[in-house]
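The values are calculated or read from the model by the stated rules, or taken from the named source; none is laboratory data. The structure displayed is predicted, hence computed values, not measured ones. We place every Cβ from the backbone using ideal geometry, glycine too, and count neighbours over all the protein chains shown.
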Amino acid sequence: MSAKPESAGFAAEPVRRTTAFRRLLDSPELEFLLEAHNGISARIVEEAGFKGIWAGGLCMSAQYGVRDNNEASWTQVLEMLEFMADASNLPIMLDGDTGYGNFNNVRRLVRKLEQRNIAAVCIEDKLFPKTNSFIDGERQELADIDEFCSRIKAGKDAQSDDDFCLITRVEAFIAGWGLDEALRRAAAYHDAGSDGILIHSALSNPSEVLAFKKEWADRSPVVIVPTKYYATPTDAFREAGFSIAIWANHLLRAAIPAMQDCARTLARDENLQSIEDSVAPVREIFRLQGASELQAAEELYLPVTGDQTRAIILAASRGSALGDLTQDRPKAMVEIRGKPLLAHIVNAYNGAGIKRITAVTGYRADRVDLPALNCVENPDYAETSELASLVHGLAADDDDSRDLLVSFGDVIFKRYILDALDDPEADFQIAVDADWKASVNRERAADYVRCSESNSKRAFYRDIVLEQAAEDIPPEQRHGEWMGLLKVSARALPRFRSLVGELANLPDNRRAKLHVLLTELVRRDETVRVVYTTGHWLDVDTLDDLVAAGRFA
Ligand code: SPV
Ligand code: MG
């Protein structure tokens, strides 16, 4: 495929990782690969600015907790490579050990690596199962040259991308042979089609690799792993003309003392304070995982759920009618079937997928303590009422990107009523019990409503709107009782906020209840949609209500 010229107005094609690796190998500069052994370390290597990754056998086996003796299977290595290739865009060279067998294993390996977007593989002239070069290297047996060349040829024949690289690693020095053997092997491997030579040495000085490079000259690129001759200045490698230096194990080695220190400190101190400042914040893990990309994708793909709604529960009042029961707690915390009233309300919200809930507290605010509930206090609860509490609830959460539900801390309801307030077009929706007569004998103030139409089968198919809400609507004009549930669309929230603020500032409204707000919405030509239900809610005012609530819950 020919590259499209940028000047012709086409975007440049992304460089394939194989091509990127081949450029590193062929570059006249000394290039560097850093070791990575899993997805997160691969990302860290890329972020640090490296141009390529060494997927080293030592560190990959170590992160699995096994020895560098082919104890991890080659497919386990492959699986990890897949995570690494997903986590970074860099070309990765696999330390393919001996190729995991003979020519047949190597060609299958190459095909599988190409499928996983791995740019290169390095195989070493030893026998399966291999041993790490730094463990008794002199006792390690080298492969027969011809047999090893068959691995190289089969690997090269198997690749389908011309830029995929197969590097061969000469272990002659490791196994105690001299320069002549190293050169003899390198020449044979080169003739078999190898793209470059990795010359390895376990000496603490670079004499072996420098001697090799001097004789080999530029017959093909030469790669080194200076783990043992680490004290050599990097410029010495540059001057000698090496192609790539591999820092082969340093991320894992950096992590080991950090993990050991952290583990020992925690075992000794049994608290997290002493290590908190020396460990990465959790959000750094999220960043490295790319969590923000998923959040953006969720907004794009996931259906809108209840989580698009938040709630404010007005729970500031004592509920004196409950006598001793509210001596040391607000009404919302009185227990019904072993759980506070408020917990039943929170459960109904949670059941509808609503988690973000603010409770406005007042009387004995210290007793309102439920998990995952955000509390805000109305300090003037004794001299104010519902409207003032709502001001505090709105001020506590300025997220106007979600719809808002408002309800009372002493009203329990079935979850389906929340689901019924589901008109996406409506800016204001209220739940009204059409069966208001069922509770008319109770001695209590109730928020009655007059609507555009009474509840009926016909009404089910129509948009019913609120006309008035008040405690003193004459019985013949009542269409139902408002159960305290109001839903405000995110769209209307800015309007709603300013109206609530305006009304609450009027001196006459210091003790105003929410029906004042509903009627004012209507007066200002807002459409307040009415959703009729019959029953399935309960306003807890008296001891009798409490008994009924026990049955209801
Ligand atoms: C590796 O990193 O696994 C290597 C280099 O093969 S070495 O450990 O030096 O043999
Ligand atoms: Mg290795």
The correct count of residues that are touching a helix residue (DSSP H, G or I) at 6+ places or on another chain (Cβ under 7 Å) and either modelled with pLDDT under 85 or not hydroxyl-bearing (Ser, Thr, Tyr) (or both) in region 308-319 is 8
Which one of these is within 31 Å of the chain's Cα centre (by Cα), acidic (Asp, Glu), more than 23 Å from Phe173 (Cα to Cα) and surrounded by fewer than 17 Cβ atoms within 10 Å (Cβ to Cβ): Glu71, Glu114, Glu82? Glu82
Restricting the search to region 37-49, which residues are among the hydrophobic types (A, V, I, L, M, F, W, C) and crowded, with 20+ Cβ neighbours inside 10 Å? Ala42, Val45
When restricted to Ser278, Ser317, the only residue surrounded by 14 or more Cβ atoms within 10 Å (Cβ to Cβ), of a type in the set (S, T, N, Q) and in a loop (DSSP other than H, G, I, E, B) is Ser317
Criterion first (outside any helix (DSSP H, G or I), of a type in the set (A, V, I, L, M) and under 26 Å from the mean Cα position of the chain (by Cα)) does Ala263 satisfy it? no
For region 33-96, which helices (runs of 4 or more DSSP H) that fit wholly inside it have 1 or more residues that are within 15 Å of ligand 2 (Cβ to nearest atom) and out of contact with any Ser or Thr (no Cβ under 8 Å at 6 or more places or on another chain)? 57-63, 74-87
Condition check for Ser401: hydroxyl-bearing (Ser, Thr, Tyr), surrounded by fewer than 22 Cβ atoms within 10 Å (Cβ to Cβ), in the same structural domain as Arg310 (by TED's automatic domain parsing) and under 21 Å from Leu493 (Cβ atoms): yes
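Every residue, every condition in (1) modelled with pLDDT under 95; (2) over 24 Å from Ile44 (Cα atoms), yes or no:
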{"site": "Gln76", "(1), (2)": "no, no"}
{"site": "Phe83", "(1), (2)": "no, no"}
{"site": "Asp86", "(1), (2)": "no, no"}
{"site": "Leu109", "(1), (2)": "no, yes"}
{"site": "Gln115", "(1), (2)": "no, no"}
{"site": "Ile118", "(1), (2)": "no, no"}
{"site": "Phe128", "(1), (2)": "no, yes"}
{"site": "Gln140", "(1), (2)": "yes, yes"}
Just to be sure I understand the filter: pairs with C-beta atoms under 9 Å, separated by 6 or more residues or on different chains, first member in region 90-108 and more than 11 Å from ligand 1 (Cβ to nearest atom), second member of a type in the set (Ser, Thr, Tyr) and modelled with pLDDT under 95. Which pairs pass? none
Run Asp328 past the list (1) in contact with a helix residue (DSSP H, G or I) (Cβ under 6 Å, 6 or more places away or on another chain); (2) part of a loop (DSSP other than H, G, I, E, B) and report the number of the one that doesn't hold. (1)
Which listed residue is in the same structural domain as Ile345 (by TED's automatic domain parsing) and modelled with pLDDT of 95 or more, from Asp508, Asp525, Asp463: Asp525
If Leu517 passes every condition in (1) closer than 20 Å to Asn378 by Cβ; (2) in contact with a Lys or Arg (Cβ under 9 Å, 6 or more places away or on another chain) but one, which one does it miss? (2)
A careful count of residues in region 464-481 that are of a type in the set (Val, Ile, Thr) and touching an Asp or Glu at 6+ places or on another chain (Cβ under 7 Å) gives 1
Only one of Ala211, Ala254, Ala248 is of a type in the set (A, V, I, L, M), surrounded by 15 or more Cβ atoms within 10 Å (Cβ to Cβ) and within 16 Å of ligand 1 (Cβ to nearest atom). Can you tell me which? Ala248
For Leu25, only one of the following conditions fails: (1) touching a residue at least 24 places away in the same chain (Cβ under 8 Å); (2) closer than 21 Å to Ala255 by Cα; (3) buried (at least 19 other Cβ atoms within 10 Å of the Cβ). What is its number? (2)
